[in-house]
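One structure below.
Every read-out reported here was derived from the displayed coordinates using simple, explicitly stated rules and does not represent laboratory data. All values derive from a computational prediction rather than experimental measurement. Reconstructed Cβ throughout: ideal geometry from the backbone, glycine too, with neighbour counts over all protein chains shown.
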Amino acid sequence: MIKINRMHHIAIICSDYERSKHFYTQVLGFKIEQEIYRKERDSFKLDLSLNGQYMIELFSFSNPPKRLTRPEGLGLRHLAFEVDDLEASIEELAKKGVQAEPVRVDDMTHKKFTFFFDPDDLPLELYER
């Protein structure tokens, strides 16, 4: 068995690069580590970190296919971010024009969580510590 140390990064392809760049940096607070324009692909690659940890590669491509379904489609279901205060986080999202779903409680852990969506309807979750 291989020894995996940790998750290295998550790659996201967006339909509107500037809108998604704004969302992940100005709404969610990720820091830009590096931004590269790849002329041969007519594509941007944006490396984003959170609290000093490299987490997301944001890509732009010409005419990427749409996500077929909401979270229950085969493959990656959603990305989840841990927060200390779920209600305060939901309020911050709302101030920036992002609407979260009603708060739910995990049946197993009894922790509160909610879902919201990025500009391309990628489901994102906030999970209270």
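Note on Phe81/Thr109: beta-carbon distance plugged into 1/(1 + (r/R0)^6) with R0 of 22 Å gives a FRET efficiency of 0.90. Based on C-alpha pairs under 8 angstrom that are at least 6 apart in sequence, the stretch 77-129 has a relative contact order of 45 percent. Seen against the Cα atoms of the chain and their longest principal axis, helix 86-95 is set at about 50 degrees.
Once the Cβ-Cβ distance between Lys39 and His9 is put in as r, and R0 is 25 Å, what FRET efficiency do you end up with, to the nearest 0.05?
0.65
Computed over the stretch 1-62, the percent of Cα pairs more than 15 Å apart is 51.
Would you kindly state how much longer the chain becomes between Ala88 and Leu50 on full extension, computed as 0.36 nm times their sequence separation minus their alpha carbon distance, in nm to one decimal? All intermediate terms of the calculation are to be shown ahead of the outcome.
Numbers: separation 38, 0.36 × 38 = 13.68 nm, distance 1.84 nm.
My answer for the length gained is 11.8 nm.
Expressed per residue, the C-alpha convex hull volume of the chain stands at 153 Å³. Starting from the Cα gyration tensor of the stretch 77-129, take the square roots of the eigenvalues, sort them a ≥ b ≥ c, and report rounded, prolate or oblate (rounded when a/c is under 1.5, otherwise prolate if a/b is larger than b/c, else oblate). Note, shape of the stretch 77-129 comes out oblate.
Counted by Cβ distance under 12 Å from Glu35, the other residues give a net charge of 0, where Lys and Arg count +1 and Asp and Glu count -1.
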